[in-house]
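Report on the structure given below.
The values are calculated or read from the model by the stated rules, or taken from the named source; none is laboratory data. Here the structure is a predicted model, which is why all the values come from computation and not from measurement. Neighbour counts are summed over all protein chains in view; Cβ atoms, including those assigned to glycine, are modelled from backbone coordinates with ideal geometry. Heads up: the accessible areas ignore ligands, DNA and RNA and are worked out on the full protein's heavy atoms, side chains in. Shrake-Rupley method; radii C 1.70, N 1.55, O 1.52, S 1.80 Å.
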Amino acid sequence: MPGLHIANGAEPTDSLPAFVFDIDGVFIRGEKLIPGARETIRLLQRRKDPFIFLTNGGGHTEQSRVEKLGQRLGLTLDVEQFVQSHTPYYDLVPEYGDKTVLVLGAQGDQIRDLAHKYGFKKVLTSSDIMAERPLIHPFPEMTKDHHEKYGHLQIITDLLLSRGGFIGTKSPKNGDTSLPNNGYQQDDQPKLFFCNPDFQWSTEYPDPRLAQGAALAALKGLWDEITGGKGDLLYSIIGKPTEPTYVYAEKVLQEYGKKLHPSLEIGTVYMIGDNPRSDIAGANDFESRCGYKWKSVLVETGIYVPGSVPAYQPDHTAKDVKEAVQWVLRKEKLANGAE
Ligand code: G3P
Ligand code: MG
């Protein structure tokens, strides 16, 4: 049993500290590993402290992402410790597994395979639509690759204005002021799901780069223009900082904790991240379903500019992930009455 859980007089305490780690800006920036990343994970593995990764990234299977991160760290990680922005979509399979879904956000076959692995059987990508309707994009002479990357906003708005999701149709309800939302998205159009609210993220480039939340902002702007400001864009969103993502992650963490220590319960969960609007806001607001205490620790290796006032105040700020974990371990040791 790890020493941390031994209270005064060597009696094991019945609660464990646990960690939820963001990835980009905490362990890596682009292709670069952040110093201290490997030894931090190695230390927690040796101590058998439960931890999971919770990233707003995605586009690959959990298995391939966890293997890639493991290779970079030179450590073996378990897929059961890994939650991406779209991992909670496993829960949508009972409802949408047999319905046609259009998946957007990564290269065609890669994202189709991913959706199939989740259990969605009828998966379309933007290239399928392009193949059927080459003129849907005004510049069909451009490459397929180009369309896959840049044609999404056109296809999304076409579908949201359609009748029942049939490409090439227009709902007569659009703009009907007698209907909710002035008739927009009231005619059995496909439901719109987003899975990463991050406006920016941290890469090797010195300044934060636009992330998927920026695409949502662009779509909202377009939709406002298209509907003359009369229709709200109706969609659902998951990913940090949303509550469903934290509920899902907590369940994954609980299961992982049980796997490591079947008879011990998690006490405090430390969310360690670089993005105040994502990692910190989500952890601060979250009301645990399992009776855990959630604390947030902001690191200075990503989005957050050291010395500035963070948009959401963390419980603690640390230089990097190594320092963050050391702070937690010291704090937990004190709480357990050890020297
Ligand atoms: O697209 C990924 C990015 O938005 C953030 O990833 O690991 O910092 O949640 P992460
Ligand atoms: Mg991050």
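Observations on the model:
- Selection count, segment 193-217, where residues are in contact with a helix residue (DSSP H, G or I) (Cβ under 8 Å, 6 or more places away or on another chain), modelled with pLDDT of 95 or more and among the small types (Gly, Ala, Ser): 0
- Number of residues in segment 290-321 that are basic (Lys, Arg), more than 16 Å from ligand 2 (Cβ to nearest atom) and over 19 Å from the mean Cα position of the chain (by Cα): the value is 1.
- Count of segment 280-303 residues, restricted to those that are more than 16 Å from ligand 1 (Cβ to nearest atom) and in contact (Cβ under 8 Å) with a residue 60 or more places away in the chain, is 1.
- Residues of segment 220-233 that turn out to be open to solvent by 50 Å² or more (accessible area, probe 1.4 Å) and within 26 Å of residue 275 (Cα to Cα), as a count: 1
- Subset tally (residues that are out of contact with any Leu (no Cβ under 8 Å at 6 or more places or on another chain), part of a helix (DSSP H, G or I) and modelled with pLDDT under 90) for segment 141-172: 7
- Residue within segment 316-337 that is buried (at least 19 other Cβ atoms within 10 Å of the Cβ), in contact (Cβ under 8 Å) with a residue 40 or more places away in the chain and within 30 Å of residue 185 (Cα to Cα) present: no
- Residue ranges of helices (runs of 4 or more DSSP H) in segment 15-128 with at least 1 members within 23 Å of residue 258 (Cβ to Cβ): 37-47, 62-73
- Residue within segment 262-272 that is farther than 28 Å from residue 201 by Cβ, small (Gly, Ala, Ser) and away from ligand 1 (no atom under 16 Å from the Cβ) present: yes
- Filtering segment 176-213 to residues that are assigned to a loop (DSSP other than H, G, I, E, B), open to solvent by 90 Å² or more (accessible area, probe 1.4 Å) and within 10 Å of ligand 1 (Cβ to nearest atom) leaves only 199.
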